[in-house]
């Protein structure tokens, strides 16, 4: 008999407003030097789709905030798990920008989103601690690793882990990269529970930070087409991020799998941060080449095509969609080996090997 860190429930909040690529047809995009891009918008949009795979993304309604989406996804995960919410030891919310009210540029991180979620859910147990994690797009996966460590230390047994973001409210509409991002929330309940079978749950992990010349690959900057110094928007050096991810993420994934003593042939699914379709596909190809193997055609489910990049929310949302049979051609069965991986601002990389 041993204890394992097991995901026992999942949930997601997918906003109802669909922002399609054609909705950007009248946009005037600018280069970082504030010079207008003279290419016709329809050509820019088509190139964007060819590279990222994105045809649409979801935006939160004006009256919905990040904490609202986080609470909705969290409640769904709690219902799915069947546990009493008052038995939770922790509520952890991974995000980057806190609550940003529609039309207001300032982000709100006081009180923490996790405290707001606990309030919205009506959980009264004071020993259920609530805190946030800010690690860029890998934040939710970082929270999974962190909770696994809490379990091993005997300091928690049930946690609610949420990733939520309203990126539509921090992007510069004159920046082509604004088309990548969407809003949403995903959540899981993870429990430290006894198992009679072979090792399950979290089998191993890898966490890295590269913050020398890479630290500002994703940062905050001014609007491309306005001389506005007091409002900052999320900015990304796309080519730098792409090259960094292809160089470092496959190696981190391999380190994680090797630490877990899992042969590459046993791997059933790779659930990777939905950042960019071509980048994710190349990461997986390079990962398999490290083992002199070829990636199976069905190893990497995706949802970026219709949800866009919702940062910390992409992995838990995708995992929930697969578990609830909402991703055609993909399923997760008991005993399946899954490799989670994410990369993002910092620059940070996390990978987790998990047996369902």
Shape of region 112-251, Cα gyration tensor, a/c cut at 1.5: oblate
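Taking a quarter of the surface of the convex hull around the Cα atoms of region 228-284, what do you get in nm²?
Working: hull surface 22.5 nm².
Computed as one quarter of the Cα hull surface, the answer is 5.6 nm².
Which length gain, in nm to one decimal place, applies between residue 219 and residue 231 when the Cα-Cα distance is subtracted from 0.36 nm times their residue separation?
3.0 nm
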Mean Cα-pair separation over length for region 2-195, i.e. relative contact order, pairs under 8 Å, 6 or more apart, %: 35 percent
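Using a Förster radius of 22 Å, what is the FRET efficiency between residue 305 and residue 119 based on their Cβ-Cβ separation? Nearest 0.05, please. Numbers along the way, then the final one.
Working: r = 35 Å, r/R0 = 1.59.
E(calc), rounded to 0.05, equals 0.05.
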Stretchable slack from residue 50 to residue 35, in nm (0.36 nm times residue separation minus alpha-carbon distance): 3.0 nm
Reference-scaled alpha-carbon Rg (2.2 N^0.38 Å with N residues) for region 201-355: 1.11
Efficiency of FRET from Cβ geometry, residue 265 and residue 153, R₀ 22 Å, rounded to 0.05: 0.05
Intensity falloff of region 1-52 expressed as log10 I(q)/I(0), Debye formula with alpha-carbon point scatterers, at q = 0.27 Å⁻¹: -1.10
Estimated FRET transfer efficiency when R0 is 30 angstrom, pair residue 333-residue 251 (beta carbons, to 0.05): 0.55
Nearest 10 degrees, 0 to 90: helix 139-152 Cα axis against the chain principal axis: 20 degrees
Under the Debye formula (equal points on every Cα, no solvent term), log10 I(q)/I(0) of the chain at q = 0.06, 0.12 Å⁻¹: -0.20, -0.84
In degrees, nearest ten, helix 314-323 long axis to first principal axis of the chain (Cα): 50 degrees
Estimated 222 nm signal from helices in the chain, with DSSP H stretches of n ≥ 4 weighted -39500 (n - 2.57), rounded to 500: -9000 deg cm²/dmol
Dmax and Rg, reported as Rg then Dmax, of region 2-195 (C-alpha, Å): 19.0, 62
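Just need the relative contact order of the chain here, percent rounded to a whole number, with Cα pairs under 8 Å and 6+ apart. Let's see the in-between values first.
Details: 851 pairs, mean separation 90.2, N = 356.
Computed value for the chain: 25 percent relative contact order.
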Length gained when the stretch residue 282-residue 326 is fully extended (0.36 nm per residue, less Cα-Cα span): 13.4 nm
Separation between Cα centres of region 1-59 and region 67-86, rounded to whole Å: 26 Å
Nearest 10 degrees, 0 to 90: helix 238-259 Cα axis against the chain principal axis: 10 degrees
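Laboratory data are not the source of any read-out in this text; all were calculated from the coordinates shown. Predicted, not measured: the structure shown is a model, and the values here were computed from it. Positions of Cβ are backbone-derived with ideal geometry, glycine not excepted, and every protein chain shown enters the neighbour counts.
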